[in-house]
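A quick write-up on the structure given underneath.
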Number of protein chains: 2
Amino acid sequence: MLYAGFMSAAPPSAPTPPEPVDSPQLVQLGLDADEPCLRADAARNRARLLEAAAGLVAAHGADAVTMEEVAAAAGVGKGTVFRRFGDRTGLLMALLDHGEKKLQAAFLSGPPPLGPGAPPAERLRAFGRAALHRTVEDLELQLAAQPDPGRRFTVPPYRVRHHHVAMLLRQAAPDADCELLTHTLLAQLDPALVHHLIHQCGMPRQRLEDAWTDLVDRVTGTTA
Amino acid sequence: MLYAGFMSAAPPSAPTPPEPVDSPQLVQLGLDADEPCLRADAARNRARLLEAAAGLVAAHGADAVTMEEVAAAAGVGKGTVFRRFGDRTGLLMALLDHGEKKLQAAFLSGPPPLGPGAPPAERLRAFGRAALHRTVEDLELQLAAQPDPGRRFTVPPYRVRHHHVAMLLRQAAPDADCELLTHTLLAQLDPALVHHLIHQCGMPRQRLEDAWTDLVDRVTGTTA
DNA sequence: GACACAATCCGGACCGTGGTCCGCTTTGCA
DNA sequence: TGCAAAGCGGACCACGGTCCGGATTGTGTC
């Protein structure tokens with residue numbers, strides 16, 4: 001089963017490797033195994049780093065954790081962290097990979113209404129609920145892992161979500177500019193917004209879910 | 001006439017000054033003159049800094065400009081920059097202040113359909129066009145000025161836009177959760193998204209405008 | 001198996017930049 | 001003219017990110 005992890009195979013890797021294509025659509029989205037035959041020591045260090053990072057984040061909060069601390073806690077040099085994960089965002093995203101994979105599996109090939117089998121508007125509603133749930137469960141980390149504004153929409157997880165929602169939207173609202181409308185829908189699930197609404201405005205999560213449902217209804221013209 | 005500049009009176013100012021209230025609604029939104037009786041030297045340095053910053057940004061691009069460079073070009077110490085503008089984002093936002101003020105004036109008290117007098121759905125459509133236009137005209141700076149994810153929704157210009165759109169939406173779509181729906185609409189005008197669509201996906205600006213119009217139609221149930 | 005060699009990876013010294021701090025100067029008011 | 005408040009500025013710090021000489025790994029050869 002193919003997933004879209006947070007990492008590309010090798011972050012600062014060779015400039016345009018041959019890139020063997022299987023399923024063009026999926027490969028283009030960045031869907032690939034996320035540990036492409038690493039050398040033994042590299043793999044070991046990668047694991048150590050993830051473990052150390054997870055521990056530190058759990059202990060002191062995501063944005064109180066320093067790259068140098070992580071390296072030290074893993075018994076590894078600072079350079080190793082950056083070679084493996086590219087940058088701070090990359091490391092944090094790697095920490096979120098598991099959860100994201102699970103969500104992807106659920107809406108790509110899980111049971112309805114999230115997975116295939118239910119009508120598109122229904123799947124859209126389910127997608128919002130699931131994504132929201134996932135976002136809330138480790139909001140803080142998700143916030144800290146946000147890439148700089150220029151790359152928000154280029155990062156694999158976002159592209160996968162976009163691809164999926166756009167597909168559903170094309171069925172549920174054929175006369176709309178689905179490419180664009182999808183960005184708008186996804187904006188309501190943006191970790192930064194969710195954090196703002198819940199932790200700064202004190203909204204209950206249920207209200208966000210209701211708003212999503214309502215938004216889907218309005219946009220597709222359907223009603224649950 | 002009252003505006004909501006990018007800066008609060010004094011960024012890292014006293015912890016909760018008395019804050020004299022006039023029009024609670026507006027003050028709460030951060031609407032106030034943006035140069036609150038600065039001392040002579042301070043005002044002079046502020047002006048110098050803005051001028052220097054504008055020059056450097058125009059010359060070398062927004063994100064190639066260093067705070068130290070700006071300070072040097074203004075013939076001023078680094079500390080002065082930060083005291084006056086809080087942080088890098090603050091300085092960049094100050095550079096955008098003029099344009100933002102003009103937009104605010106236009107939709108708060110300008111002629112219809114942007115200003116008061118036109119039906120709400122119409123004003124919404126006009127707002128999108130105007131905001132999009134403004135965003136595009138110095139996208140790069142707008143991108144560089146984006147605050148960190150946690151504050152995107154707390155910054156005065158966003159709050160003013162939100163307040164305005166929410167008000168229109170309450171009239172045009174009374175049965176919706178306007179508070180939330182507004183965030184969703186505004187997301188389509190987000191500089192980061194606009195930049196992505198135009199410069200990375202190569203979409204023409206017209207398409208963004210059309211999408212906004214369509215979105216307003218769907219959300220309010222009206223048609224132009 | 002032993003060996004040699006190339007590709008890969010390691011790690012910590014190093015750099016640039018955003019942001020802070022505090023002793024000194026300027027300002028404006030009485 | 002004196003004096004408090006406001007402002008100034010550059011030394012200083014922390015942290016993200018880079019770089020390159022040296023160590024590890026794995027593979028082809030005998």
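The values are calculated or read from the model by the stated rules, or taken from the named source; none is laboratory data. Just so it is clear, the model here is predicted, and its values are computed rather than measured. Note that we place each Cβ from the backbone using ideal geometry, even for glycine, and neighbour counts take in every protein chain shown.
Tell me, please, whether a residue that is surrounded by 13 or more Cβ atoms within 10 Å (Cβ to Cβ), of a type outside the set (Val, Ile, Thr) and at pLDDT 60 or above can be found in segment B:8-15.
So far as segment B:8-15 goes, no, none of its residues is surrounded by 13 or more Cβ atoms within 10 Å (Cβ to Cβ), of a type outside the set (Val, Ile, Thr) and at pLDDT 60 or above.
Mind counting the residues in segment A:153-171 that are surrounded by fewer than 21 Cβ atoms within 10 Å (Cβ to Cβ) and either within 12 Å of chain B (Cβ to nearest Cβ) or within 16 Å of B:ARG152 (Cβ to Cβ) (or both)?
Of the residues in that region, 6 qualify.
Assuming A:GLY150 fulfils every condition listed in (1) at pLDDT 95 or above; (2) within 7 Å of chain B (Cβ to nearest Cβ) apart from one, which condition is it?
Here A:GLY150 clears every test but (1).
Report yes if some residue within segment A:99-117 is in contact (Cβ under 8 Å) with a residue 40 or more places away in the chain and within 14 Å of chain B (Cβ to nearest Cβ); otherwise report no.
If we filter segment A:99-117 for residues that are in contact (Cβ under 8 Å) with a residue 40 or more places away in the chain, which is where we start, we get A:100-101, A:104-105, A:107-109.
Next cut, within 14 Å of chain B (Cβ to nearest Cβ) only: none.
There is no residue in segment A:99-117 that is in contact (Cβ under 8 Å) with a residue 40 or more places away in the chain and within 14 Å of chain B (Cβ to nearest Cβ).
Residue under question is A:ASP138, and the condition is that it be out of contact with any Lys or Arg (no Cβ under 6 Å at 6 or more places or on another chain) and within 10 Å of chain B (Cβ to nearest Cβ); does it hold? Full working, then the answer.
Values: out of contact with any Lys or Arg (no Cβ under 6 Å at 6 or more places or on another chain): yes; within 10 Å of chain B (Cβ to nearest Cβ): no.
No, not satisfied.
Taking the criterion of being in contact with a strand residue (DSSP E or B) (Cβ under 6 Å, 6 or more places away or on another chain) and either more than 12 Å from DNA strand C (Cβ to nearest atom) or modelled with pLDDT of 90 or more (or both), would at least one residue in segment A:31-53 satisfy it? Walk me through it before giving the result.
So in segment A:31-53, the residues in contact with a strand residue (DSSP E or B) (Cβ under 6 Å, 6 or more places away or on another chain) come out as A:31.
Subset that is either more than 12 Å from DNA strand C (Cβ to nearest atom) or modelled with pLDDT of 90 or more (or both): A:31.
Taking every residue of segment A:31-53 in turn, at least one turns out to be in contact with a strand residue (DSSP E or B) (Cβ under 6 Å, 6 or more places away or on another chain) and either more than 12 Å from DNA strand C (Cβ to nearest atom) or modelled with pLDDT of 90 or more (or both).
Residue by residue through segment B:207-224, note down the ones that are small (Gly, Ala, Ser) and either facing chain A (nearest Cβ under 8 Å) or crowded, with 20+ Cβ neighbours inside 10 Å (or both).
Pass one, segment B:207-224, residues small (Gly, Ala, Ser): B:211, B:221, B:224.
Matches in segment B:207-224: B:ALA211, B:GLY221.
Which residues, taken from segment B:182-206, are more than 18 Å from A:VAL155 (Cβ to Cβ) and more than 7 Å from every other protein chain (Cβ to nearest Cβ)?
The initial filter retains those residues of segment B:182-206 that are more than 18 Å from A:VAL155 (Cβ to Cβ), namely B:182-186, B:188-189, B:198, B:202-206.
Within segment B:182-206, B:THR182, B:LEU185, B:LEU186, B:LEU189, B:ILE198, B:GLY202, B:MET203, B:PRO204, B:ARG205, B:GLN206 qualify.
When you go through (1) within 15 Å of DNA strand C (Cβ to nearest atom); (2) touching a residue at least 24 places away in the same chain (Cβ under 8 Å); (3) closer than 30 Å to B:ASP41 by Cα; (4) within 14 Å of chain A (Cβ to nearest Cβ) one by one for B:LEU143, which number turns out not to apply?
(3)
Looking at segment A:54-82, I want the residues that are within 14 Å of another protein chain (Cβ to nearest Cβ) and more than 16 Å from DNA strand C (Cβ to nearest atom) and have a partner that is assigned to a helix (DSSP H, G or I) and small (Gly, Ala, Ser) with Cβ atoms under 8 Å, at least 6 apart or on another chain. Which pairs are those?
A:ALA62/A:ALA144
Just checking: which of the helices (runs of 4 or more DSSP H) contained wholly in segment B:55-144 hold 2 or more residues that are hydrophobic (A, V, I, L, M, F, W, C) and away from DNA strand D (no atom under 16 Å from the Cβ)? Steps first, please.
Numbers: elements: B:67-73, B:78-85, B:88-109, B:120-137, B:139-144.
Those helices (runs of 4 or more DSSP H) span B:88-109, B:120-137, B:139-144.
Based on this model, can you work out whether A:VAL21 counts as modelled with pLDDT of 90 or more and either in a helix (DSSP H, G or I) or not charged (D, E, K, R) (or both)?
no
Which residues, taken from segment A:185-212, are out of contact with any Ser or Thr (no Cβ under 6 Å at 6 or more places or on another chain) and not hydrophobic (A, V, I, L, M, F, W, C)?
Result: A:ASP190, A:HIS195, A:HIS196, A:HIS199, A:GLN200, A:GLY202, A:PRO204, A:ARG205, A:GLN206, A:ARG207, A:GLU209, A:ASP210.
Search segment A:172-181 for residues being over 14 Å from A:ALA121 (Cβ atoms) and assigned to a helix (DSSP H, G or I), and hand back the single one that is nearest to the other protein chains (Cβ to nearest Cβ).
First, pick out the residues of segment A:172-181 that are over 14 Å from A:ALA121 (Cβ atoms): A:175, A:177, A:179-180.
Now drop any that are not assigned to a helix (DSSP H, G or I), which leaves A:179-180.
On the way: A:GLU179: 8, A:LEU180: 4 Å.
Here the residue is A:LEU180.
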